[in-house]
1. With the structure loaded, tell me whether GLU266 is more than 24 Å from the chain's Cα centre (by Cα) and under 28 Å from ALA306 (Cβ atoms) or whether it fails that test.
2. Can you tell me which residue among GLU383, GLU369, GLU403 is open to solvent by 30 Å² or more (accessible area, probe 1.4 Å), modelled with pLDDT of 95 or more and among the acidic types (Asp, Glu)?
3. Just to verify a result, which residue in region 393-434, among those that are without any contact (Cβ under 8 Å) to a residue 40 or more places away in the chain and not in a helix (DSSP H, G or I), is farthest from GLU378 (Cα to Cα)?
4. Just to verify a result, which residue in region 94-129, among those that are crowded, with 17+ Cβ neighbours inside 10 Å and closer than 30 Å to PHE53 by Cα, is modelled with the highest pLDDT?
5. Restricting to region 531-589, and then to whatever is over 29 Å from the mean Cα position of the chain (by Cα) and among the small types (Gly, Ala, Ser), can you tell me which residue is nearest to GLY477 (Cα to Cα)?
6. Can you name the residue in region 541-585 that is in a loop (DSSP other than H, G, I, E, B) and among the charged types (D, E, K, R) and is also farthest from GLU501 (Cα to Cα) among such residues?
7. Condition (residue is open to solvent by 30 Å² or more (accessible area, probe 1.4 Å) and under 20 Å from LEU402 (Cβ atoms)) applied to region 322-344: is it met by at least one residue?
8. Just checking, how many residues over region 221-279 are assigned to a helix (DSSP H, G or I) and over 22 Å from LEU211 (Cβ atoms)?
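The values are calculated or read from the model by the stated rules, or taken from the named source; none is laboratory data. No experiment lies behind these values; they were computed from the predicted model shown. Neighbour counts run over all protein chains shown; Cβ positions are idealised from the backbone, glycine included. The accessibility values were calculated without ligands, DNA or RNA, using every heavy atom of the protein model including side chains. Shrake-Rupley method; radii C 1.70, N 1.55, O 1.52, S 1.80 Å.
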Amino acid sequence: MVPWNLKQWFSFVAGAVLCAGVSLRAADDRETSRQELDAEITGLIEQLGSSQFATREKAQSRIQSLGLAVFDALLQAQHHRDIEVARRARYLLRGMPITWSIDTDPQEVRSFLRNYGQQGREERLSRIESLANLKNSQGVVALCRIMRFESDVVLSKQAALQLMWHDASVDLEDRKVIALRIQEAVGNSRRPASRWLRTYAESLVSSEPTLDEWEQITRDELEMLASKPDETQRSVARDLLRWYVDLLRGLGRGEQVQANFARIVELVEPDREELFDVVDWALEREAWFVPELLAERFPAEYWQHALLVYRLAEARRKRGDEAGAKEAAAHALGMNPTQYNLHFAAARDLRRERQMFDWAESEFRQVIEASGDLPKVELFSRELLAQMLADLQREGDAAAALEPAFEIGEKDPGALAAVYEAIYGRAFTPPELRAKINHFLGIHHGREGDIEKQKTFLEKAMAVDTENIDIVIALHGIKDGDQAWREKVDKMLAEHVQRIESGMQELEQSMSTTEDRDVRALLGEDLAQRNNEYAWLVSNTVGDYQKAVACSRKSLELVPASWPYQDTLGRCYFATGDYKSAIHFQKLAVAQAPYLQQMRRQLKLFEETLAATESSVP
């Protein structure tokens, strides 16, 4: 067999060296035109079914010598009406030893393509997805390569889809370069997905002129799903429509967007995972009508999942139907009333994923009611409910939620310790829980304007939770003109700053004297926490703000991308007056934990302060 040299193939058809494989030496030597070669290949395919054995063998040998020039034709010939032609076509395809990567591929691309052809279907799809996730469009050419020469037609389409979904540069010149690379890599391929990628390349440069072609592409794929289901899948057609919807949304084509959402709904099957996937995707795009359509289409399946019903309630709320939203939410809350685990999962989802805090509160209270003689379940639920309420600046309600937890803790301190160990990594005693309640009450009375009660409860909390810097910050923030009080608080603040600085120095010393990597890692985490404590305390009170910035950055060097530490750094930059940097890091934190309203309030404060500062500049 003649070696299959893909580099020569692409030099012939596209003037570019793109990938691996197979030689077109015979075609190159004779300088056969593409049209002549196509005609020859068509004839050779038919000869595979000749009644003469010699003719069949000669045609097969010639096809093998042509290499990947016959790849598309052989794929089609697998479904030839002549059984012998189809059989030999499949045999020839299996014998094509395609080398998926070349030396000019980036290292990461080569690693994902290593032994690609020997992998199972799921692993190949996983590698396709990994190539699409590479930065700076590094996987684009490799994905074109897979689209062209992956014998599995569905995976070929998946490669095209993943390329279309990849995070392309927004810079027009960069997009032109990517488009050219795609056009060269696709070449004159006749596979269905090659049309998608040629059109996608045009869309990268200018989307509007490609809309008619995309409309036809999506229609053709839906027709193929109906007529030739072995050549596509519902998920492929659905994801192609999803991509098209996003293109239309970006161009403001509202009516077409709605029509294509309806086409997507028609492709959905009554599978729990698929229903969640489509509903969440639609809600992200503010298509509030989609959950309603799915609930009407699959009532039996939709209404048996509380979280799907809550998605419907959310959609109704977002489109202004609060009465309908409350009705759906009440239905969801009433499902499986004694199964506290389901309600606990719903509460966490509603808070963290959907940010529907009123419904989350109802679910937490349902868990508490259903917990019966399971004190740990009640303790867990009350703590998470109190967390949420405090974040919503409802500290009085948070304290009230924890009062019964304190009573449980006094009766069963072991259960209390175990629950708080699970949540915070540190066991609580009943006096420590009482301190937390007093902390909440102090803040609550401060909001009410009762300074004396604010002082009383915060000092009670501080007497037990002696190293809690949030209590120190709260005490420092009390607006009291009494000089003795101010001196007392300032002294307390200075003592805590010194305590934290001493702890930092001790940890740095310990890290410098140990060679054990595991110990160094643990010490590094502790040092990051101490640096963060210093930065948070100082940036929310008074002190060396530049040092606070340095400590905060140090914590992120030790524990990169930590959103609590990013939140602190945002506050530190705000304290120094660098509002743009404050906004940058606060946005990073909010992106990772969007459900935390305190961080969102901080971001709003930073943005408003920057806007006010800029507007005051002549």
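1. It is true that GLU266 is more than 24 Å from the chain's Cα centre (by Cα) and under 28 Å from ALA306 (Cβ atoms).
2. Answer to the check: GLU403.
3. Among those residues, the one meeting the criterion is ARG394.
4. ILE98
5. SER539
6. So the residue we want is ASP578.
7. yes
8. So the count comes out to 15.
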